[in-house]
Amino acid sequence: MKKLILAASAVLFSLTLTFAQEVNPEEKAKQTVTEWTSQLNLTEEQQAEIYNIVLEHKKAKLAVKADTAQAEDAKATQIETLNADLDTKVGAILTEEQKPLYVKIVESRGSKKMSEPVVTPATPPVQ
């Protein structure tokens, strides 16, 4: 019986670790470009250029989030700067017809952040 419980625990633990892994920046960049291609009707050339820009952005954002020496508000400011840089670079590649559609994508990105619940750390009970 102990072996069965131990085996089940090991399986559950390994499944938890599998689902907890983050997607790498390359996959996230591909996913973003795929979504934007359908929304913005990107050409092959635009896809290649935007992929490189988004990949660079994702790597930089991951590095900022991984930096444990910085305060959360400093990280948020850096991420906002990275997002603004991304928007500028992508906007330079898009046609005049695509730019209003991209503005909607940027606005929806902002509204997603507003709707995310704020997680506050639990405070230990006072004794």
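Any read-out appearing in this document is the output of simple, stated calculations on the displayed coordinates, not a laboratory observation. All figures in this text were calculated on a predicted structure; none of them were measured in a lab. Cβ coordinates were reconstructed from backbone atoms using ideal geometry, including for glycine residues, and neighbour counts include every protein chain displayed.
Which lysines have a Cα lying under 16 Å from the Cα of residue 75, excluding residues fewer than 8 positions away in the same chain?
Output for residue 75: 58, 59, 61, 65, 113.
Report the full-extension gain for the segment residue 56 to residue 79: residue separation times 0.36 nm, less the Cα-Cα distance, to one decimal in nm.
So the extension gain works out to 7.0 nm.
R0 = 35 Å: FRET efficiency of residue 95 with residue 67, Cβ-based, nearest 0.05? Let's see the in-between values first.
Values: r = 36 Å, r/R0 = 1.04.
In this case the efficiency is close to 0.45.
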